[in-house]
Amino acid sequence: MKWWKLSGLLIGVVAATSGAVILWPIGTRPDPIRLDGDVGRGAYLARASGCIACHTNAEGGGAPLAGGVELETRFGTYYSPNLTTDPVHGIGDWTIEDFAVAIRQGISPEGEPYYPTFIYPFYADFTDQDIADLWAAFQTVPAVAEAAPDHDVGFPFNLRWTLKLWRAAFLTDPETEPVDGRSDIWNRGRELARGAAHCGACHTGRNIVGARITSSFYAGNDALPGGDHAPSIRLEDLIDQGWTVDSLVYALETGITPSGDVLGGGMGEVVQYGTSFLTPEDRLAIATYLMDPEDEDWVRE
Amino acid sequence: MKKTLATLTAGGLLMATLAASHQGATGIVRERMDGMVAMRDTVRDLTPMMRGRTEYAREAVLDAAAALERHAGETMTALFPEGSDDAASYARAEIWQDWETFEAMAMRMEVVAGALAEAADNPPGSAMPEPVDNSTMMGGGPSMMGGGTATEPDPEMLAQMPVDRVFTVAAQVCSACHTQFRAARN
């Protein structure tokens, strides 16, 4: 075969395949959500989930949830979007179903997949009531008519449709449901740690395309955006570092560690904007879960 | 006994790690690390009392507050001259790019440490003064959907708060500064 025929064929195959992927429908629309949301509960969940931490450019003096927080990764620089009620630059013109699909499935109202810098995989098990509560809370956020900067991502990651392949390969269930035979508080800790509080977003290692590696569950990550580093939070390492349920609870509330040091970096932010707002019971739940982990996850090497 | 030994070993390892991480630091970088370590040890030693785990001793709080105050404010900022970010340092360059914020945090630490001493008369578990609203969860004002922490209490307000709450406020100042200006590692 002549070289031009071969390359023509190759180009044809690539074009047909990517065309198919581009058109590949993703996600499912939920049934209409008509539940009444509770603002207080929603705000609490938003705190626990890090919405406010990631979508408020506190260092830059930005308004709450107006986005613009820079996330420097090896794929490019991402900016968290504006989640205020502004209809043009925020989510003011969304429906609650749009919101549900964005949060639980990581798909925009236009049907485009979000980058996994948005940690929607952890939110997949949120109930309709959770969504209604969050939605009610987000309605209380004053509109900010200012666009967050566009992501600055290089080829091929700038092609959104490639994320469909990523989703097909790496999107897994967060497994937040209760485990039989475990205490209520442990199960609550599991729900928070594996879900809303998304510990694994930073504390689980990621592969070359930024997907979490199951065998690195909670084993730490040295290559976080912005050069940050998250230590292992596996039981043996927590014990090595002098942690107990009791000291973890206090650290999640105050940032104070057993050595007297006070957490900074990404975890400082997590405490300051998130876990310090949780109830003592929820902080105890997270600590209880971390100090009494699930066996199967720790032997999967 | 075995447990004690294990705890001691773990503690020893931890100290060794921390000591090692400050190795190679000299001059002013070393000096500010020593200051930070002194503050760290102060926080460590005061924590059980602030949590109500050991008997309350007003004098100990006054000593700790004085130690924190001594290392904060201008004493701290003077140890961060521009360009003093050698390989051993954990200081992020942002300190000098946003000196005003860094300086304000160091000053805030001094103020809060002073208030901690004032609040030493209010042992852990004392009543909160009115009106302190800690429920700023989601944004400006008293709703929860916004801002980081609630509006910063002033020194007078802090002085009336239970001492353990003021201790927590001090930790928030440490954490905010470490979040913005301390490198995770070199």
Please list, ordered by first then second residue, the pairs with beta carbon atoms under 6 Å, 6 or more apart or interchain, first in the range A:230-253 and under 19 Å from A:Gly265 (Cα atoms), second small (Gly, Ala, Ser). A:Ala230/A:Gly220; A:Pro231/A:Gly220; A:Ser232/A:Ala219; A:Ser232/A:Gly220; A:Leu248/A:Ala287; A:Val249/A:Ala287; A:Glu253/A:Ser276
Check off (1) at pLDDT 95 or above; (2) part of a loop (DSSP other than H, G, I, E, B) for A:Phe157 and give me the number that stays unchecked. (1)
Does the range A:84-114 hold any residues that are buried (at least 19 other Cβ atoms within 10 Å of the Cβ) and not β-branched (Val, Ile, Thr), and which are they? A:Asp86, A:Gly90, A:Trp94, A:Phe99, A:Ala100, A:Ala102, A:Arg104, A:Gln105, A:Gly106, A:Pro113
Using the structure shown, decide if A:Val262 is more than 16 Å from A:Arg188 (Cα to Cα), surrounded by 19 or more Cβ atoms within 10 Å (Cβ to Cβ), within 23 Å of the chain's Cα centre (by Cα) and not basic (Lys, Arg). no
Out of the residues in the range A:56-83 that are among the polar types (S, T, N, Q) and touching a residue at least 24 places away in the same chain (Cβ under 8 Å), which is nearest to the other protein chains (Cβ to nearest Cβ)? A:Thr56
The range A:199-225 - residue that is within 14 Å of chain B (Cβ to nearest Cβ) and surrounded by 15 or more Cβ atoms within 10 Å (Cβ to Cβ) and, of those, farthest from A:Gly260 (Cα to Cα): A:Pro225
What about A:Asp86, is it charged (D, E, K, R) and free of Cβ contacts under 8 Å to residues at least 24 places away in the same chain? no
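This table checks each residue for (1) of a type in the set (Ser, Thr, Tyr); (2) at pLDDT below 95; (3) farther than 29 Å from B:Thr77 by Cα.
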residue	(1), (2), (3)
B:Ala106	no, no, no
B:Ala113	no, no, no
B:Leu116	no, no, no
B:Ala119	no, no, no
B:Gly125	no, yes, yes
B:Glu130	no, yes, yes
B:Thr136	yes, yes, yes
Kindly state which helices (runs of 4 or more DSSP H) lie completely within the range A:2-119 and contain at least 2 residues that are more than 18 Å from the chain's Cα centre (by Cα). A:3-23, A:39-49, A:96-105
From the options A:Thr176, A:Thr172, residue that is outside any helix (DSSP H, G or I) and surrounded by fewer than 18 Cβ atoms within 10 Å (Cβ to Cβ): A:Thr172
Quick check on A:Ala53: is it within 11 Å of chain B (Cβ to nearest Cβ), over 18 Å from A:Ala143 (Cβ atoms) and crowded, with 17+ Cβ neighbours inside 10 Å? yes
State yes or no: is A:Ala230 over 22 Å from B:Met36 (Cβ atoms), within 18 Å of the chain's Cα centre (by Cα) and either within 11 Å of chain B (Cβ to nearest Cβ) or not hydroxyl-bearing (Ser, Thr, Tyr) (or both)? no
Filtering the range A:270-286 down to residues that are of a type in the set (A, V, I, L, M, F, W, C), more than 19 Å from the chain's Cα centre (by Cα) and surrounded by fewer than 22 Cβ atoms within 10 Å (Cβ to Cβ) yields A:Leu284
Contact list please: Cβ distance under 7 Å, first residue in the range A:132-148 and at the interface with chain B (Cβ under 9 Å from one of its Cβ atoms), second residue among the aromatic types (Phe, Trp, Tyr) and part of a loop (DSSP other than H, G, I, E, B), pairs at least six apart or on different chains. none
Report yes if some residue within the range A:102-109 is farther than 21 Å from A:Pro174 by Cβ and either out of contact with any Cys (no Cβ under 9 Å at 6 or more places or on another chain) or in the same structural domain as A:Val141 (by TED's automatic domain parsing) (or both); otherwise report no. yes
Lone unmet requirement of (1) assigned to a loop (DSSP other than H, G, I, E, B); (2) surrounded by 16 or more Cβ atoms within 10 Å (Cβ to Cβ); (3) charged (D, E, K, R) for B:Asp86: (2)
Out of the residues in the range A:246-263 that are within 7 Å of chain B (Cβ to nearest Cβ) and touching a Gly at 6+ places or on another chain (Cβ under 8 Å), which is nearest to A:Leu45 (Cα to Cα)? A:Gly255
The helices (runs of 4 or more DSSP H) lying entirely within the range A:204-301 that contain at least 1 residues which are within 26 Å of B:Thr168 (Cβ to Cβ) are A:235-240, A:245-254, A:265-273, A:280-290
As an exercise: evaluate B:Ala93 against (1) within 20 Å of the chain's Cα centre (by Cα); (2) surrounded by fewer than 16 Cβ atoms within 10 Å (Cβ to Cβ); (3) within 13 Å of chain A (Cβ to nearest Cβ) and give the number of the one condition it does not meet. (1)
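The values are calculated or read from the model by the stated rules, or taken from the named source; none is laboratory data. Only a predicted model underlies this, so the values are computations on that prediction, with no experimental measurement involved. As a convention, Cβ positions derive from the backbone with ideal geometry for all residues, glycine included, and neighbour counts pool all protein chains shown.
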